[in-house]
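Below is one structure, written out as structure tokens; the observations come after it.
The values are calculated or read from the model by the stated rules, or taken from the named source; none is laboratory data. Here the structure is a predicted model, which means the values were calculated and not measured. Heads up, the Cβs are rebuilt from the backbone with ideal geometry, glycines too, and the neighbour counts pull from every protein chain shown. With ligands, DNA and RNA removed, areas are computed over all heavy atoms of the protein, side chains included. Shrake-Rupley method; radii C 1.70, N 1.55, O 1.52, S 1.80 Å.
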Amino acid sequence: MSGPDPTVLWRADADAVERSNLVAFMAWLAENRGLTFADYGSLWRWSVEELEDFWAAVWQYYGLDRVSSYDAVLPDSRMPGAVWFSGARINFAERCLHHPSPHGPALVSVDEDGAVSETSWEELRAQVAALAHWLRDVGVQPGDRVAACLPNTPHTVVALLATAAVGAVWTVCAPDFGTPSVLSRLSQVEPTVLFVVDGYRHGGKRHDRRAASAQIVAGLPSLRHVVVIDALGTADTMDLGDQPTGPTRHHWGEVLARTAALEFADVPFDHPLWILWSSGTTGLPKGIVQGHGGIVLELLKAVGLGGDLRADDRYFFVTSTSWMVWNFLIGGLLHGATIVLYNGSPTHPDVDGVWRVVADTRASVVGLGAAYLMVGEKANADPGSHLDLSSVRSIQQTGSSMPASTWHWVYEHVSSTAWLDSIAGGTDICSVLIGGTMLLPVREARLQAPWLGAAVAAWDPAGRPVFGEQGELVVTKPMPSMPLYFVNDPSLERYQASYFDTYPGVWRHGDWVVMDTDLSVVITGRSDSTLNRMGIRMGSADLYAVVEALPDVSDCLVVGLEQPDGGYFMPMFVVPADGHVFDEQLRRRIVAAIRAQLSPRHVPDDIVGVPAIPRTMTGKKLEVPVKRILQGAASRDVSAEGSITNPEMLEWFAEYARQRVAGG
């Protein structure tokens, strides 16, 4: 008899499974639809094979049948262009604010000083009502665009919900974005109202945004009104170039001053709700438009049945307002849960910054990027030993893959009892494709399974499903939250090219994955930056897991370049850890580790020390832009200014490319 699987790190106990939202949904299906399922796999297969029945069940289970009727669930299933719940009418803000007796406050807000404030549901409703009334009063109508450049504070939640209540379309950039990056996004949508802040605190420093806000206002001639929020006590000195012909300035307190009834625009299911933005690292950012109904339905399913969020939870995601997980976090309100907003650096005042927020707020569902967990592991942090993290029942990890050692670190040094729910999805759907489930064990470095309603598969280049080997991550059937369209793309040409050019009618997500027959998944890297050495495709994540596990390495990036003569060149760029230097000894240790843990064919052709690795604002390494630079593209053409960290490194890579060409 074989022993226990050493890769299994956690299993939900029988009590936790029985209390889970997923088991409650399965019991409802049995009672109301006569459907029973032996395990998660059979439930997932039904959810994608009988797509219309599944989404009709979700609609009824979450009480949307009491909100609106509909004519058909999926009258047109083409991708792109699928039509969902024709005839239905629904408003995202109304669904977020309708709960009659929530268990706690609506919002808990924390700043870097550790100050905690709460916003009750009554206060949130009153503020949304007042701001929505003001928006209507200044002429904002359904379909108008309302924009913001705001941090992760209650103001931003109120502004989003008020915009949605009116039926206008919301979009936001975090204030740490550079002015050109903000304008490259907001100028595409021509907003009539803009919310700005005088500054914010991050990493223990004050960041003055007055001049940047003035530049943004000047760059948006469509604006009629600007609302200023005073975060640093300097809003009154913000010079917005107030002119009779320019937008009218208002203060936050002014626009919330009037008591008003809470009213919601009665909009169709596919009425645009918000515009999310692609990273802008490969050209002009794409404005991804998603609808009220699709987002309501998807986040009820994803956050509730996938993430097991409940009304008595406190939901905390470490994020800026520009990352789609901020929108995912707001989805917690759909479930009547309390959402926790942190406005600051995750590593302030030290590497345990996030875990202090968790302890102070008693957060129960905690979301964060893989990079933060890896930083904690590298620093030998042990937050579970000196902070009370007993409230945590699940940790949602996303952003990138993690090495197996980081999974073990979480269970050994953060919480031995929490469900480590590794999730993967994207801005494109504002949701999760593959993640965790209480019905399956957590195994090191593997995502547990596709989430319900997500018809995902791994395909080879010929469009055939593959198991146990690397393939393209595809979605073979539509999801309600897929984009309605892109901004300024009326013919859907850019939309079509982004997802459907490789496999017509099938969504290619842009990741390499290995999917097992037990439905567990490993994401091995971006498929558009895949390493292809001697005909063997390799994911960059494999190399990162080995190299970044070395104690004297802080970060690294690898790309593969197809050469004009048919050859292949694969350089790796390495940032040494604090207190270490890149030298020949470190290079040899990297080579030895790759040879021993992967194979000789994985050893890069060149290993170079660098000061930093550029990343998107959501933490993804700039593999594709760096590859384009090394193939000859100008650094200014591969990334929008202000949309990445360490932008000076792009010119460093350009110089590396020039020297390599000069050296033959």
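Evaluate the following for residue 481: is it within 24 Å of the chain's Cα centre (by Cα) and at pLDDT below 95?
It is false that residue 481 is within 24 Å of the chain's Cα centre (by Cα) and at pLDDT below 95.
Within region 6-42, how many residues are of a type outside the set (D, E, K, R) and in a helix (DSSP H, G or I)?
17
If you go through region 524-548, how many residues are at pLDDT below 90 and either under 18 Å from residue 435 (Cβ atoms) or not in a helix (DSSP H, G or I) (or both)?
Qualifying residue count, region 524-548: 14.
Could you tell me whether residue 587 is at pLDDT 95 or above, open to solvent by 20 Å² or more (accessible area, probe 1.4 Å) and either of a type in the set (Ser, Thr, Tyr) or in a helix (DSSP H, G or I) (or both)? Step through it out loud before you land on a result.
Details: at pLDDT 95 or above: yes; open to solvent by 20 Å² or more (accessible area, probe 1.4 Å): yes; either of a type in the set (Ser, Thr, Tyr) or in a helix (DSSP H, G or I) (or both): yes.
Here the answer is yes, as residue 587 does meet what is asked.
Go through region 482-505 and give me each residue that's open to solvent by less than 20 Å² (accessible area, probe 1.4 Å) and part of a loop (DSSP other than H, G, I, E, B).
Across region 482-505, the qualifying residues are 482, 483, 487, 489, 500, 503.
Filter region 425-468 down to residues that are open to solvent by less than 40 Å² (accessible area, probe 1.4 Å), in a loop (DSSP other than H, G, I, E, B), touching a helix residue (DSSP H, G or I) at 6+ places or on another chain (Cβ under 7 Å) and more than 28 Å from residue 485 (Cα to Cα), then give me how many there are.
3
Suppose we filter 361, 319, 338 for residues that are out of contact with any strand residue (DSSP E or B) (no Cβ under 6 Å at 6 or more places or on another chain) and of a type outside the set (A, V, I, L, M, F, W, C); which single one remains?
319
Go through region 469-481 and give me each residue that's part of a loop (DSSP other than H, G, I, E, B) and either out of contact with any helix residue (DSSP H, G or I) (no Cβ under 9 Å at 6 or more places or on another chain) or crowded, with 21+ Cβ neighbours inside 10 Å (or both). Step through it out loud before you land on a result.
Here is the first cut: in region 469-481, the ones part of a loop (DSSP other than H, G, I, E, B) are 469, 476-481.
Within region 469-481, 469, 478, 479, 480, 481 qualify.
In region 392-418, how many residues are closer than 23 Å to residue 315 by Cβ and assigned to a loop (DSSP other than H, G, I, E, B)?
9
For region 77-92, state whether one or more residues are crowded, with 17+ Cβ neighbours inside 10 Å, in a helix (DSSP H, G or I) and not basic (Lys, Arg).
In the first step, residues of region 77-92 are kept if they are crowded, with 17+ Cβ neighbours inside 10 Å; the result is 79-80, 82, 84-85, 88-92.
From the residues that got through so far, the ones that are in a helix (DSSP H, G or I) too are 92.
Subset that is not basic (Lys, Arg): 92.
Yes - at least one qualifying residue is present in region 77-92.
Restricting region 376-389 to residues that are in contact (Cβ under 8 Å) with a residue 12 or more places away in the chain and assigned to a loop (DSSP other than H, G, I, E, B), which is farthest from residue 309 (Cα to Cα)?
Out of the qualifying residues, it is 379.
All but one of (1) open to solvent by 10 Å² or more (accessible area, probe 1.4 Å); (2) not in a helix (DSSP H, G or I) hold for residue 360, so report the exception by its number.
(2)
Hey, could you check region 263-316 for residues that are in a loop (DSSP other than H, G, I, E, B) and of a type in the set (S, T, N, Q) and say which is most open to solvent (accessible area, probe 1.4 Å)? Spell out how you get there, then give the answer.
As a first pass, look at region 263-316 and keep what is in a loop (DSSP other than H, G, I, E, B): 263-267, 269-271, 278-286, 307-313.
Among the residues that remain, those that are also of a type in the set (S, T, N, Q) are: 278-279, 281-282.
Numbers: 278: 23, 279: 50, 281: 13, 282: 84 Å².
Among them, the one singled out is 282.
For region 636-647, check the following and say yes or no: at least one residue is in a helix (DSSP H, G or I) and open to solvent by less than 40 Å² (accessible area, probe 1.4 Å). So that I can check it myself, show each step before the final result.
Step one: filter region 636-647 for residues in a helix (DSSP H, G or I), giving 636-637.
Cutting the leftovers down to open to solvent by less than 40 Å² (accessible area, probe 1.4 Å) gives us none.
Looking for residues that are in a helix (DSSP H, G or I) and open to solvent by less than 40 Å² (accessible area, probe 1.4 Å), one finds none in region 636-647, hence no.
Please report, ordered by residue number, the helices (runs of 4 or more DSSP H) entirely within region 133-232 with at least 2 residues that are of a type in the set (Gly, Ala, Ser), in contact (Cβ under 8 Å) with a residue 60 or more places away in the chain and buried (at least 24 other Cβ atoms within 10 Å of the Cβ).
Once the helices (runs of 4 or more DSSP H) in region 133-232 are filtered for at least 2 residues that are of a type in the set (Gly, Ala, Ser), in contact (Cβ under 8 Å) with a residue 60 or more places away in the chain and buried (at least 24 other Cβ atoms within 10 Å of the Cβ), what remains is 154-166.
Of the conditions (1) under 26 Å from the mean Cα position of the chain (by Cα); (2) of a type outside the set (Ser, Thr, Tyr); (3) over 18 Å from residue 302 (Cβ atoms), residue 85 satisfies every one except a single condition; which number is it?
Evaluating residue 85 over (1) under 26 Å from the mean Cα position of the chain (by Cα); (2) of a type outside the set (Ser, Thr, Tyr); (3) over 18 Å from residue 302 (Cβ atoms) leaves (3) as the failure.
Go through (1) out of contact with any strand residue (DSSP E or B) (no Cβ under 6 Å at 6 or more places or on another chain); (2) open to solvent by less than 10 Å² (accessible area, probe 1.4 Å) for residue 421 and report which single condition fails.
(1)
Can you tell me which residues in region 110-146 are more than 27 Å from the chain's Cα centre (by Cα) and basic (Lys, Arg)?
Listed by number, the list holds a single entry, 136.
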